[in-house]
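K.L.:
The structure follows.
Just so it is clear, none of the values below were taken in a lab; they were calculated from the coordinates. If you're wondering where the values come from, they're calculated on a predicted model, not measured in any experiment.
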Amino acid sequence: MNYIKRFFSAFVAASFLFTGSIHTVQAAMISSEQVAESAVTSSGEQDRERIIAALSREDVQAAMVARGIDPAQARERVAALTDEEASTVATQIDSAPAGGIIGAIVLIFLVLLLTDILGFTKIFPFTRSVR
């Protein structure tokens, strides 16, 4: 019975402490057009960031310089892309063969690791079977 009183008094004390941290919030209605516009703009910015990240790699910059392309000018052109163009280019970068091969290798490694852990195979010496 004494534990119940202690728990209840601690609960009430914590409740009083947390009542002072209530913040006021203001909300307003927004239109569907505003939501769609913000979604398109944010995805366009994300696509541009992915393209610039791909262009910032050293091997890509070396290939651009070898072909006579200024990397700074390439970044300026990426910034000038429309959202649709940026999405198309980002999709092409993601589906490039080099990325697909690496993804396939990682998938195969994970499948073999899982089967090794479950005890169906014994490929990796650093795993222990759950069986």
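K.L.:
Given the C-alpha centroids of the range 44-86 and the range 106-125, what is the distance between them in whole angstrom?
P.N.:
38 Å
K.L.:
Can you tell me the length gained on complete extension of the stretch F126 to D94, counting 0.36 nm per residue apart and subtracting the Cα distance? Please report the intermediate quantities before stating the final value.
P.N.:
On the way: separation 32, 0.36 × 32 = 11.52 nm, distance 3.20 nm.
Contour length minus the Cα-Cα distance gives 8.3 nm.
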